[in-house]
Amino acid sequence: MALPRPAGRSVVAAVALALAITGGAVVVGGEGGPDRPPPSSAAVAPGALRGADLDRGIEALQSHLRDQPRDFGSWSSLGTAYVEQARTRGDPSRYREAERALDRSLELRPRNDAGLAGRAALAAARHDFAGALRHAEAALEVNPYSEGALATRIDALVELGRYGAAARAADEADARRPGVPVFTRYAYVRELQGDVAGARRALSQAVGFGSGSGSGGGDVAYVATALGQLAWRQGEYGEALKQCGRALRADASYLPALECRARAWAGQGRTGQAIRTLRDVVARAPLPGPLVALGELYEARGERGDGAKAREQYALVSAWVSLARANGVNADLDAAIALTDHGTPEERKAALRAARAEWGRRHTVHTADALAWALHMAGRSKEALPYARRATATGFREASFMHHRGVIEGAAGDAGAARRWKSAAVDLNPGFSPLVRDAS
């Protein structure tokens with residue numbers, strides 16, 4: 001059940017990395033001795049590489065491979081599962097295990113599409129989008145219907161700034177393999193263009209598709225969380241909590257849903273609940289986004305010892321960036337976003353360098369905003385202004401981008417524009433940051 005195409009020439013953007021490289025079915029094949037293959041292991045359902053099912057799926061694949069070590073399909077599935085585990089648990093060391101598993105799959109069966117699609121997913125997770133595109137296209141040469149490769153190709157094209165090609169890739173993916181990955185990408189397209197209602201309709205269709213896909217709770221949790229995140233960005237905290245509750249009923253361990261719930265609670269002023277939930281999230285997945293959110297909540301609360309607790313979260317961001325880079329991840333955008341506001345003076349200088357480097361690789365609204373803010377914080381607001389304007393040019397309703405533009409417009413000398421953009425940010429999502437609560 002494909003969605004109608006967006007009218008006109010759409011800019012197709014990948015779902016944020018929290019939604020990337022998931023939702024695809026991974027088919028596990030097998031190869032035995034020289035005369036005949038062993039029985040194939042079961043297909044891994046679309047939702048089986050997420051949430052509570054992920055660890056069980058990995059254990060099952062490891063057990064199967066001890067009995068059938070030449071099953072190239074299971075090696076590719078294991079590699080892809082390790083990618084998902086690294087991404088969702090904040091453990092970049094898993095990427096090396098993923099690489100070894102995928103290399104083994106392709107050693108056993110060169111140019112098998114699942115192995116190539118897994119390599120594409122791994123490259124995307126490491127933010128090597130040129131490599132992701134190359135591997136995805138290689139997988140599609142072998143199997144034009146590979147859902148994982150179709151999805152990763154869209155993500156890679158978007159992150160490389162090739163929006164026209166990404167739009168065509170999304171149309172092609174919808175024609176070949178309509179399903180949750182394609183529907184969520186169309187939803188994000190519409191949100192980027194300011195069409196929040198259209199994004200909701202697309203995600204609602206994706207929830208229905210996921211519910212009937214036989215994948216268990218994985219797809220429902222994934223898409224309901226996307227709906228919750230969309231609502232949070234619009235300042236609709238009650239709706240966000242409703243959708244996060246739906247996601248957690250489908251998969252009680254789904255960390256993005258817990259993080260979304262915490263942000264919605266923070267938006268409602270329920271700071272204690274938000275802090276407790278985010279502590280749980282970062283204990284299991286110490287990723288930059290929730291670490292910064294927790295640190296800012298401590299800062300905003302301001303109780304005894306909260307300043308030290310906030311600094312601890314920001315220090316963990318720096319540790320994660322170092323670990324990610326040691327495991328082949330390009331963490332420049334993560335570093336620029338987190339450390340521009342919360343790093344040491346030396347880390348802020350490094351954040352500006354990282355933002356410049358990332359802009360050299362990919363021109364998205366997120367990299368434009370990161371570079372604009374890093375330049376402003378370095379005292380170069382006039383140089384920052386074109387990037388801030390570019391970050392807000394598509395109609396994407398992101399309050400932090402609006403606030404950054406307002407601050408930069410003011411620093412560059414336009415007090416009227418500063419008031420308008422800062423007011424727009426707070427009017428849209430008053431809880432976008434616990435440290436910014438008004439338009440002054």
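Descriptive notes on the structure:
- The label point for ARG284 and the one for ALA130, both projected 7 Å from the Cα toward the Cβ, are 3.8 nm apart.
- Label corresponding to percent of Cα pairs over 33 Å apart when calculated from the structure given, among [x] 47; [y] 32; [z] 36: [y]
- Each Lys or Arg adds one and each Asp or Glu takes one away; over the other residues whose Cβ falls under 12 Å from the Cβ of ALA412, this sums to +1.
- In terms of its C-alpha gyration tensor, region 244-322 has an oblate overall shape, because the principal axis ratio a/c (a ≥ b ≥ c, square roots of the eigenvalues) is not below 1.5 and a/b does not outweigh b/c.
- Highest-MSF residue in the chain out of ALA123, ALA372, ALA283 [GNM, Cα springs under 10 Å]: ALA283
- Summed over the residues of the chain and divided among them, the accessible surface reaches 40 Å² per residue at a probe radius of 1.4 Å.
- Descending Cα extents along the principal axes, region 363-440, whole Å: 27, 25, 20
- Placing R0 at 45 angstrom, the Cβ-Cβ distance between ALA412 and ARG301 gives a FRET efficiency of 0.85 after rounding to 0.05.
- By average C-beta atoms within 10 angstrom, highest first, the peptides 54-62, 354-362: 354-362, 54-62
- Tail weight of P(r) past 17 Å, computed on alpha-carbon pairs of region 307-373, percent: 38
- The dipole here belongs to the chain: it is taken about the Cα centre, uses +1 on the Cβ of Lys and Arg and -1 on the Cβ of Asp and Glu, and is about 720 debye.
- List MET377, MET402, ordered by accessible area with a 1.4 Å probe, largest first: MET377, MET402
- Anisotropy class of region 341-385 from Cα gyration tensor, a/c 1.5 cut: oblate
- Within the accessible area of the chain, the carbon and sulfur atoms contribute 51%, probe 1.4 Å, all protein chains present.
- Computed magnitude of the charge dipole of region 178-325 (debye, nearest 20; Cβ of K, R +1, Cβ of D, E -1): 100
The values are calculated or read from the model by the stated rules, or taken from the named source; none is laboratory data. None of these values were measured; they are calculated from a predicted model. Backbone-built Cβ (ideal geometry, glycine too); neighbour counts: all protein chains shown. Areas reflect the complete protein model, heavy atoms only, side chains present, ligands, DNA and RNA absent. Shrake-Rupley method; radii C 1.70, N 1.55, O 1.52, S 1.80 Å.
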